[in-house]
Amino acid sequence: GFLPKSKLLTELDHFIGLPHNMARQVTASDLALAMQSGHLFTAYQPKYDLASRKITGVEVLARWKDPVLGIIPPDCFIPLAEQSGQIVDLTWYVIKRAFAQQERWRRNGSELNIAINIPAQLLKVPNLLDTFDRMVASRAKGLEGVTLELTENTGIECYRYARHILQALRERGCRLSLDDFGTGHSSLTQLHQLPFDELKLDRSYVSHCDEEHDATAITLSAIELAKRLGLKVVAEGIETPGQLERLRLAGCDEGQGYLWAPAMPEAEFNAWLSNQSIEQRPLAVKANAV
Ligand code: C2E
Ligand code: MG
Ligand code: MG
Ligand code: MG
């Protein structure tokens, strides 16, 4: 479920250290304005192939920077958007920007997959597939190079319908990832009922995977489970070389985390990318190259 408003405000105060009266001013209409004014934007966190150490793509993460209030964290405005119903507009907003960004990277010679967070609420939108089709009309290969990350935070009510929609999206070329695996939100039921290609281990497990800890047993079993189901495994929140090595040896395929880089806005990401070694960079293979 969503956070009650009081919890939201406490978290916001905690994050940006504002007096209560200021934090209280963040509302659904502020969020609408932020989308119009560009104060809501997208940031990109690199993802790596753990075996080859190459950059495979990015996770697209929404950011809100208000000129007065400063940075408002996703853990605050995503629940707000889910509560107000604006999460659907926000998702289209993020997808549009991410598609345009991916196209710019492609033109500059970088082949980066984009992973986009999709709320369960989006799946219920009428004519969802038509909207996707319109949005990908100008793309050469439909939804190829796109991963949709799903978390069951708002609850999928009808698995049959969700399965139908997700299967149709997959047929358009994208991959489906079950995000935050191991938290209460992402259950075995979903894994069993829906056509996922990938399991994304939650940071709360990844953080402890190089220690003697219950989380380690769960992490290793989750990787094993994913392998048995033929799924790719991605770890989020890798912060130390020890965690990376543990996960790599256990068979985890990909990862992202502060060990490499946090999410960065476009210009910062591009500068960062151009500083990476040529072996790690996701260079596009030229079709006519010999
Ligand atoms: P998520 O989808 O699980 O995204 C991963 C979160 O972990 C991101 O937080 C990322 O910045 C953070 N992270 C990655 N590596 C590390 C690390 O090494 N250490 C630590 N401490 N954190 C790391 P962020 O950007 O604050 O987003 C939080 C959540 O908000 C996301 O969790 C996602 O559920 C939601 N969210 C963010 N952007 C969007 C969006 O565009 N649409 C939707 N529906 N949800 C979004
Ligand atoms: Mg995610
Ligand atoms: Mg996640
Ligand atoms: Mg997470």
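The values are calculated or read from the model by the stated rules, or taken from the named source; none is laboratory data. The structure presented is a predicted model; accordingly, all values stated were derived computationally and were not measured. We place every Cβ from the backbone using ideal geometry, glycine too, and count neighbours over all the protein chains shown. Surface areas here come from the heavy atoms of the whole protein model, side chains and all, with no ligands, DNA or RNA. Shrake-Rupley method; radii C 1.70, N 1.55, O 1.52, S 1.80 Å.
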**Message:** With θ taken as phi - 60° and the coefficients 6.51, -1.76 and 1.60, list the Karplus ³J(HN,Hα) couplings across the range 259-266 in order, rounded to whole Hz; mark glycine and proline as x.
**Reply:** 3, 9, 5, x, 5, 10, x, 2
**Asked** Got a number for carbon plus sulfur as a percent of the range 52-120's accessible area, 1.4 Å probe?
**Response** 52
**Asked** Which of the GluC sites (Glu not before Pro) found in the range 124-165 are loop residues per DSSP with 15 or fewer other Cβ atoms within 10 Å of their Cβ?
**Response** E144, E157
**Mean Cα-pair separation over length for the chain, i.e. relative contact order, pairs under 8 Å, 6 or more apart, %** = 19
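I'd like to check one number: the per residue accessible area of the range 24-90, probe 1.4 Å, reported in Å² as a whole number. Provide the component values of the computation, followed by the final result.
Values: 2740 Å² over 67 residues.
That works out to 41 Å² per residue.
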**Request:** Tell me which residues come under 5 Å, amide H to amide H, from K47 once H is placed; ignore anything under 5 positions away on its chain.
**Result:** T56, G57, V58, E59
**Fill in**
Everything considered on the Cα gyration tensor (a ≥ b ≥ c; rounded for a/c under 1.5, else prolate if a/b is larger than b/c, else oblate), the range 145-290 must be described as oblate
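Which value, in Å², gives the accessible area per residue of the range 127-284 when a 1.4 Å probe is used on the protein heavy atoms?
48
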**Request:** Give me the compactness ratio for the range 35-165, meaning the Cα radius of gyration over 2.2 N^0.38 Å.
**Result:** 1.11
**Prompt:** Mind listing the phi-derived Karplus ³J(HN,Hα) values for the range 206-222, rounded to whole Hz, using 6.51, -1.76 and 1.60 with θ = phi - 60°, and x for any glycine or proline?
**Reply:** 4, 4, 10, 6, 9, 10, 6, 7, 4, 4, 5, 4, 5, 4, 5, 5, 5
**Message:** Can you list residues from other chains, or at least 5 along the same chain, whose modelled amide H is less than 5 Å from the amide H of K232?
**Reply:** E198, L199
**Message:** How large is the direction-averaged shadow of the alpha-carbon convex hull of the chain, in nm²?
**Reply:** 16.3
**Request:** Report the local net charge at Q45: Lys and Arg +1, Asp and Glu -1, summed over other residues whose C-beta lies under 14 Å from its C-beta.
**Result:** -4
**Message:** Output wanted: per-residue J couplings in Hz (rounded whole) for the range 273-278, from phi through Karplus 6.51 cos²θ - 1.76 cosθ + 1.60, θ = phi - 60°, x for Gly and Pro.
**Reply:** 4, 5, 8, 7, 5, 4
**Asked** In the range 130-268, what percent of the accessible surface is made up of carbon and sulfur (1.4 Å probe, ligands and nucleic acids excluded)?
**Response** 49
